[in-house]
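**Student:** One structure follows; several queries about it will come next.
The values are calculated or read from the model by the stated rules, or taken from the named source; none is laboratory data. Note that the coordinates shown come from a computational prediction; the quantities given were computed from them, not determined experimentally. Here Cβ is always computed from backbone atoms with ideal geometry, including for glycine, and neighbour counts include all displayed protein chains. Heads up: the accessible areas ignore ligands, DNA and RNA and are worked out on the full protein's heavy atoms, side chains in. Shrake-Rupley method; radii C 1.70, N 1.55, O 1.52, S 1.80 Å.
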Amino acid sequence: MKSIRDYETVALDDENDAVVIIDQTLLPGKTELISLKTGEEIWNAIYLLKVRGAPAIGVTAAFGIYLLAKRIDTESFDVFYQEFRKQKEYLDSSRPTAVNLSWALRRMEQVCLANREKPVAEIKMLLKKEAVEIKEEDIRVCKAIGEHGLSLVKPGDGILTHCNAGQLAACKYGTATAPIYLGEERGYHFRVFADETRPLLQGARLTAYELYSSGVDVTLICDNMSGTVMQNGWVNAVFVGCDRVAANGDTANKIGTSVVAAVAKRYNIPVYICAPTATIDLSTPTGADITIEQRPAHEVTQMWYREPMAPEGVKVFNPAFDVTDHDLIAGIVTEYGVAREPYTESLREIFRRKEQG
Ligand code: MRU
């Protein structure tokens, strides 16, 4: 039987001018692929979390801007670029916290600017090449994160994760799940605890689903149970993903991550942030400078319930992410190795390694 990991999280259907995604709001009950064709469809799919997770959002935006650029009917670079910029800014406004979105769109814009002397038709081909490369790079990067992450744990370890930084959040392997999948292939037999991740249940609907259907030993827990499983001695390491890492190592990830990290510190359990360099933003000095997305109240009060779970009209606070302070983080696992405190230096060193190739 086909497992959810046999599907591509994001794919380009160039012939039909579409970005094809799995509608993640329907998982785990229904696996439905949807084709996004217009700018509005792409924007809405990102905003409504039909496609979500920092790397997957970046890849969707890259394919999306390529398709929108392909439709710009002009031979003048200036006219082309003006329209390109408009569409780019529109897609960039769909979600604010995951830096991969603006990172991927900026990379696509650079292709336009670096080739402005070439015919527009050729620029369009180069945009396609870049978008495909962003996706392929994501697969290589996640695999490398998996190798570095695997060196931090041993066979039989208990691993706790929050939200979904799995294949459904990227293109293959995921980030926080990459060490788990690679370990599984090599007989490590981890015992994984997946936080359900209120309010949108990415842990229950997505992480528990993709790990379980891959044969990983996964136990689903409510968010308020992570303290108990750590206290019981069942967790050796926490692996989570991230949406933006600031220059000092403060890290924004799904709301609740900072609570997990604080409790893990209490029990001396290392917290590892799995971060492609695309998610590290050295131009943001600290976590306080990261824009945290606020989402609608109905996601908390009723979205995943048959009946509303709160009195109508009650005040709701619904930030999608929180910031984990760098002193709660044992290491930031990138494709170029593991950065440790002091992050202001080690993250720069990671980028030096990247520049050297
Ligand atoms: O709101 P979401 O589901 O997009 O939030 C996703 C997360 O917080 C992930 O942990 C993060 O994007 C990393 S995905 C590899």
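**Student:** Taking just the alpha carbons, could you work out the radius of gyration and Dmax for region 250-314, both in angstroms?
**Tutor:** 16.4, 44
**Student:** While we're looking at this one, here's another question. Percent of Cα-Cα pairs more than 22 Å apart in region 236-349, please.
**Tutor:** For region 236-349, the fraction of Cα-Cα distances above 22 Å is 39 percent.
**Student:** So, one more: On full extension of the chain, what length is gained from residue 48 through residue 341, given 0.36 nm per residue of separation minus the C-alpha to C-alpha distance?
**Tutor:** 101.9 nm
**Student:** Please list the non-local residues whose amide H lies under 5 Å from the amide H of residue 286, H modeled 1.01 Å from N, same-chain partners needing a gap of 5 or more.
**Tutor:** Those qualifying (amide H under 5 Å, at least 5 residues apart or on another chain) are 247.
**Student:** Report, to the nearest 10°, how far helix 54-70 tilts away from the longest principal axis of the Cα atoms in the chain, using its own Cα long axis and a range of 0 to 90°.
**Tutor:** With both axes taken from Cα atoms, the answer is about 10 degrees.
**Student:** Let me ask something else about it. For the chain, take every pair of Cα atoms, bin their distances at 20 Å starting from 0, and report each bin as a whole percent.
**Tutor:** Pairs per bin, as whole percents: 31, 58, 11, 0.
**Student:** When the convex hull of the C-alpha atoms of region 67-210 is computed, what volume per residue in Å³ does it have? Mind dumping the intermediate values first?
**Tutor:** Numbers: hull volume 17.5 nm³, N = 144.
Per residue, the Cα convex hull of region 67-210 comes to 121 Å³.
**Student:** Okay, next question. Can you give the net charge of the other residues whose Cβ lies under 14 Å from the Cβ of residue 156, counting K and R as +1 and D and E as -1? Write down the numbers at each step before the final one.
**Tutor:** Working: positive: 154, 186, 191; negative: 157, 184, 217.
That works out to 0.
**Student:** Determine the per residue accessible area of region 169-259 with all protein chains present and a 1.4 angstrom probe, expressed in square angstrom.
**Tutor:** Result: 31 Å² per residue.
**Student:** Quick check: the angle from helix 257-266's long axis to the longest principal axis of the chain, C-alpha only, nearest 10 degrees?
**Tutor:** 30
**Student:** Counting only heavy atoms of the protein chains, get the accessible area per residue of region 1-127 (1.4 Å probe) and round it to a whole Å² value.
**Tutor:** Heavy-atom accessible area per residue stands at 45 Å².
**Student:** If the cut-off is 21 Å between C-alpha atoms, which lysines fall inside it for residue 88, apart from same-chain ones fewer than 8 positions away?
**Tutor:** Partners found: 37, 50, 70, 118, 124, 128, 129, 135.
**Student:** In cubic angstrom, how much convex hull volume per residue do the alpha carbon atoms of region 34-135 span?
**Tutor:** Dividing the Cα hull volume of region 34-135 by its residue count gives 82 Å³.
**Student:** Let me ask you something else. Rounding to the nearest 10 and keeping the result within 0 to 90°, find how far the Cα-based axis of helix 120-150 lies from the longest principal axis of the chain.
**Tutor:** 10
**Student:** Another one. Please give the peptides 347-354, 129-136 ranked by average Cβ packing (other Cβ atoms within 10 Å per residue), highest first, as a rough proxy for protection.
**Tutor:** 129-136, 347-354
**Student:** Express the carbon and sulfur contribution to the solvent-accessible surface of the chain as a percent, rounded to the nearest whole number, probe 1.4 angstrom.
**Tutor:** Carbon and sulfur: 51 percent of the exposed surface of the chain.
**Student:** Please identify the trypsin sites (Lys or Arg not before Pro) of region 259-312 that satisfy two criteria: DSSP loop assignment and at most 13 other Cβ atoms within 10 Å. Which are they?
**Tutor:** When the trypsin sites (Lys or Arg not before Pro) of region 259-312 are filtered for loop state and at most 13 Cβ neighbours within 10 Å, 306 remain.
**Student:** Nearest 0.05, what FRET efficiency do residue 8 and residue 70 give at R0 = 22 Å with Cβ-Cβ as r? Can you show the working numbers first?
**Tutor:** Numbers: r = 20 Å, r/R0 = 0.92.
Between residue 8 and residue 70 the formula returns 0.60.
**Student:** Using 1/(1 + (r/R0)^6) with R0 = 56 angstrom and r between the beta carbons of residue 267 and residue 78, what's the FRET efficiency to the nearest 0.05?
**Tutor:** Calculated value: 0.40.
**Student:** Enumerate by residue number the chymotrypsin sites (Phe, Trp or Tyr not before Pro) in region 246-335 meeting two conditions: DSSP loop (anything except H, G, I, E, B), and at most 14 other Cβ atoms within 10 Å of the site's Cβ.
**Tutor:** In loop regions of region 246-335 (DSSP not H, G, I, E or B), the sparsely surrounded chymotrypsin sites (Phe, Trp or Tyr not before Pro) are 267, 304, 305, 317.
**Student:** Can you give me the C-alpha center-to-center distance between region 243-283 and region 90-150, rounded to a whole angstrom?
**Tutor:** 24
**Student:** Let me ask something else. Could you work out [θ]222 nm for the chain from helices alone, using -39500 (n - 2.57) per DSSP H run of at least four and dividing by all its residues? Round to the nearest 500 deg cm²/dmol. Walk me through the numbers before you get to the answer.
**Tutor:** Numbers: 11 runs with 136 residues, N = 357.
Computed ellipticity for the chain at 222 nm equals -12000 deg cm²/dmol.
**Student:** 5 Å is the cut-off here: which amide hydrogens, built 1.01 Å from N in the peptide plane, fall below it relative to residue 191, excluding neighbours closer than 5 in sequence?
**Tutor:** Residues meeting the criterion, in which the H sits 1.01 Å from N, are 157, 158, 159.
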